[in-house]
Amino acid sequence: MAKPRPLIAIVDDEEHIRKALKRLMVSAYLDVETFRSGAEFLDSLRTRRPDCLVLDLHMPLMNGFAVQARLAEDQDQIPVVIITGHDSPEARDRALVGKPVAYLCKPVNDAALLDAIQLALIHNTDPLPNQPHKREIFNEE
């Protein structure tokens, strides 16, 4: 029996970004589910858990910071790759509290995003809980 492909969840309020990221993930032979809000993503966790979460920080109603906080509160260890179009030292510091695998700025470099997801998938299958990441990926602009 073939091993199932990793499931990547993409949470971004911008439809064109969700579509572009989904195309990229599918081209990399990953299964993908997209969500237009943090609340929609959190509701989906009742029935299916992704192997990695690609999370936009700045969204209306429930932003990425709130999603990170909820995952931490529920002690859910889904590896997170942060993407943002509104980088600032404050946003970066606040996002890094949640220990994402990567923090990337939009427009996201395809190779950097796929590298970050690969790192997240390795981290997600690591048998030792709370083991430090092998490396972290951050945009340096």
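The values are calculated or read from the model by the stated rules, or taken from the named source; none is laboratory data. Just so you know, these numbers come straight off a predicted model, no measurement behind them. Don't worry about glycine lacking a Cβ; one is built from the backbone with ideal geometry, like all the others, and counts go over all protein chains shown.
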Problem set entry | Search result, residues across region 1-35 that are more than 13 Å from L53 (Cα to Cα), at pLDDT 95 or above and charged (D, E, K, R) | D13, E14, E15, K19, R23
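Go through region 47-57 and give me each residue that's of a type outside the set (D, E, K, R) and exposed (fewer than 15 other Cβ atoms within 10 Å of the Cβ).
T47
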For this session: Name every residue in region 8-19 that is surrounded by fewer than 16 Cβ atoms within 10 Å (Cβ to Cβ) and among the hydrophobic types (A, V, I, L, M, F, W, C), in order of residue number.
Result: none
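Every residue, every condition in (1) part of a strand (DSSP E or B); (2) of a type in the set (A, V, I, L, M, F, W, C); (3) more than 27 Å from S88 (Cβ to Cβ), yes or no:
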| site | (1), (2), (3) |
| --- | --- |
| R5 | no, no, yes |
| A20 | no, yes, no |
| R23 | no, no, yes |
| E40 | no, no, no |
| R46 | no, no, yes |
| A66 | no, yes, no |
| A72 | no, yes, no |
| Q75 | no, no, yes |
For this session: Please work out which residue is farthest from E33 (Cα to Cα), limiting yourself to region 48-62 and to residues that are in contact with a Leu (Cβ under 9 Å, 6 or more places away or on another chain) and in a loop (DSSP other than H, G, I, E, B).
Result: M62
For this session: Being out of contact with any helix residue (DSSP H, G or I) (no Cβ under 9 Å at 6 or more places or on another chain), over 19 Å from R36 (Cα atoms) and buried (at least 16 other Cβ atoms within 10 Å of the Cβ) is the filter here, so list the residues in region 63-113 that pass it.
Result: D87, R92, A112
